[in-house]
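No value in this document is a laboratory result; all are computed from the given coordinates. Please read these numbers as outputs of a predicted model, since none were measured by experiment. No Cβ is skipped: glycine too gets one built from the backbone with ideal geometry, and neighbour counts run over all protein chains shown.
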Amino acid sequence: MKLMPPRAVVAALVLAVALVVALGGCAGAPVQPFQHPEPEHAAAPQADTAFAAIEKSIRDAHGADASGFHLLDRNEDGLRWRLALIDSARHTIDVQYYIWFDDTAANLLTSHLLAAADRGVKIRMLLDDLNTLLGTAGSVKLRDLQLSVLNAHPNIELRLFNPWKDRSLAGRLGESAANMQRLNARMHNKALIADNQATIIGGRNIGDEYMGLHADFNFRDLDVIGFGPVARQTSAVFDLYWNSDWVLPVSALRLQPTATDLHAAQAQLSAKLLALPPIEGCPVAPQSWSDELTQLAPTLLVGTSRVISDVPTAYELRQDMVGELYALALSAQRELLVENAYIIPDDKTLKAIQELRARGVTVKILTNSLASHDVPAVNSHYKKWRKPLLEAGVELHEARSDAAIQALVADTPPTHGGFMGLHAKAMVVDRERAFIGSMNFDPRSANINTEMGVIIDSADFSQALANLLERDMAPENAWLVRLDARNELRWTDDRETVTRQPARNWWQRVQDVFFMAFPKDLY
């Protein structure tokens with residue numbers, strides 16, 4: 001199967017009219033005018049939850065502003081702890097995601113959300129409207145009715161960010177072409193909040209390749225689970241988007257699932273769950289996670305936090321994230337470590353790095369190589385910046401597709417993906433402050449999509465994250481990119497030095513050249 005990354009789907013909506021011909025039979029009714037709901041806000045945390053004791057112990061020992069954090073380094077842990085928060089929630093669950101595929105990981109999480117709703121937990125799901133076009137990572141599939149069935153549960157409300165008004169595929173392509181600036185903007189945020197006391201923030205979408213379950217490839221990705229005030233900070237971002245004018249309640253689609261639809265959806269989900277391959281440590285049925293939470297509590301790394309995001313105003317998306325992260329990076333006095341999947345720098349970025357290096361700050365960056373890329377188009381525009389970055393004094397690393405850590409962090413047993421890609425977005429400043437979130441360092445993240453993340457002020461947490469980033473940069477996991485005496489690029493790992501950028505196959509090299517013709521701002 002050839003994978004179609006979500007950002008490639010966005011570009012296809014705008015540029016590939018051929019999809020209308022290929023899938024012209026897909027139809028949908030236009031959205032009718034609707035009354036926007038009254039503002040809603042996250043419920044206050046209560047003392048009877050599975051997370052209350054953890055938060056209280058942190059507060060008693062470190063003060064009211066402190067939260068406890070744990071890095072979710074392995075994809076298996078990214079899936080397990082999402083299941084744990086969902087199964088443990090007693091009152092509310094809020095989820096905000098760019099992508100929620102219709103695959104193994106997504107179906108497993110959906111089934112646990114439904115079980116939580118069945119026991120009375122109120123669930124709010126905020127998804128980018130791109131989700132109504134996606135079946136799995138390699139398919140286009142209109143899913144309005146599927147999401148309407150989920151929304152029909154009395155304890156689940158689902159809303160879509162930046163919706164297309166015409167729900168047919170042809171209509172969406174037409175709207176995108178007519179109003180590209182607006183409809184090209186997608187909500188790239190990723191967060192899960194349970195009982196307003198526990199949250200997961202980071203880079204993982206809801207799909208097999210983000211959870212280590214894809215046979216073709218799996219990402220090295222990164223999240224953080226947090227307990228305490230960080231959950232309320234995340235809820236504030238969720239509420240900001242949930243109540244914005246950019247959101248459409250799924251009920252406004254006016255699709256009324258019949259009893260037959262509901263029964264068919266339940267039977268289909270049950271059949272999918274029965275057919276699931278074994279996933280070590282990830283139960284199909286909801287379970288108690290009290291032992292796991294008890295064991296996790298004393299290992300949490302304590303610090304203060306600030307959850308940051310772009311802001312959906314009435315008429316535009318205010319891009320605050322790029323300024324926040326520039327300020328964080330420029331605050332470095334000794335060292336800046338960056339791990340980011342998609343990097344397309346500009347002159348401002350180069351100037352900031354030169355400023356840091358002039359102050360004696362060490363700057364180390366890890367991004368994808370062409371070989372590890374799932375989006376060769378990004379590499380097409382990143383590659384011209386290799387020499388300027390190196391000349392500015394950056395220690396530059398590029399992820400290997402055959403990284404030694406693949407079995408440790410990317411693949412969830414018993415799955416073994418064909419290769420490993422990089423999807424993490426993280427930064428460590430002076431081993432005192434850290435960032436984990438959704439934002440790539442490219443034009444799409446800076447100027448088009450919305451993003452979010454958390455800045456954590458904690459030397460212990462920052463050191464732990466720095467250790468992971470340095471592990472990922474090691475020669476068994478990444479290429480060190482350097483300039484030789486003749487100012488030519490060289491890639492060195494623990495086995496060899498090569499003179500041409502590493503690639504998995506010739507087709508990647510063809511795409512790398514082809515996408516140079518497209519505007520970099522699409523990516």
_Answer label, with percent of Cα pairs over 34 Å apart calculated from the coordinates and candidates (1) 44; (2) 40; (3) 34_ = (3)
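Indicate the gyration tensor shape class of segment 205-323 (rounded, prolate or oblate), computed on the Cα atoms with a ≥ b ≥ c the square roots of the eigenvalues: a/c under 1.5 is rounded; otherwise a/b larger than b/c is prolate and the rest oblate.
Working: a/c = 1.84, a/b = 1.09, b/c = 1.69.
In terms of gyration-tensor shape, oblate.
Express in nm, to one decimal, how much length is gained between ALA43 and ALA259 on full extension, taking 0.36 nm for each residue of separation and deducting their alpha carbon distance.
On the way: separation 216, 0.36 × 216 = 77.76 nm, distance 3.15 nm.
Going from the current span to full extension adds 74.6 nm.
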*Taking N as the number of residues in segment 353-455, what is its alpha-carbon radius of gyration divided by 2.2 N^0.38 Å?*
1.20
*Relative contact order for the chain, counting Cα pairs under 8 Å that sit 6 or more residues apart, in percent*: 18 percent
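Classify segment 120-238 as rounded, prolate or oblate from the Cα gyration tensor: take a ≥ b ≥ c as the square roots of its eigenvalues, call it rounded if a/c is under 1.5, otherwise prolate when a/b beats b/c and oblate if not. Display every interim value, and only then the final one.
Numbers: a/c = 1.71, a/b = 1.39, b/c = 1.23.
It is prolate, given that a/c is not under 1.5 and a/b is the larger ratio.
Looking at the square roots a ≥ b ≥ c of the eigenvalues of the Cα gyration tensor of segment 304-522, which shape do they give, rounded for a/c under 1.5, prolate if a/b is larger than b/c, or oblate? Before the final figure, lay out the partial values.
Details: a/c = 1.32, a/b = 1.25, b/c = 1.05.
Rounded shape, in that the Cα axes give a/c under 1.5.
Pairs LYS351/LYS425; LYS348/LYS384; LYS348/LYS520; LYS190/LYS348; LYS384/LYS425; LYS141/LYS425: which exceed 18 Å Cα-Cα?
Numbers: LYS351/LYS425 21 Å; LYS348/LYS384 15 Å; LYS348/LYS520 16 Å; LYS190/LYS348 27 Å; LYS384/LYS425 21 Å; LYS141/LYS425 29 Å.
Listed pairs above 18 Å: LYS351/LYS425; LYS190/LYS348; LYS384/LYS425; LYS141/LYS425.
How much net charge surrounds SER462 when only other residues with a Cβ under 11 Å from its Cβ are counted (Lys, Arg +1; Asp, Glu -1)? It would help to have the intermediate numbers written out before the result.
Values: positive: ARG431, ARG433; negative: GLU335, ASP430, GLU432, ASP457, ASP460.
Residues near SER462 contribute -3 overall.
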_For segment 396-413, 3J(HN,Hα) per residue [Karplus equation, 6.51 cos²θ - 1.76 cosθ + 1.60, θ = phi - 60°, Hz, x = Gly/Pro]_ = 9, 10, 10, 4, 8, 6, 10, 4, 5, 7, 3, 5, 7, 10, 8, 8, 9, x
*Length-normalised contact order for segment 304-522 - Cα pairs under 8 Å, 6+ apart - percent*: 26 percent
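Determine, from the Cβ-Cβ distance of VAL510 and ARG182 and an R0 of 41 Å, the FRET efficiency 1/(1 + (r/R0)^6), rounded to the nearest 0.05.
With a Förster radius of 41 Å, E is 0.80.
Which percent, nearest 5, of DSSP beta bridges in the chain are antiparallel? Don't skip to the end; give the middle numbers.
Numbers: 59 of 88 bridges.
Antiparallel bridges make up about 65 percent of those DSSP assigns within the chain.
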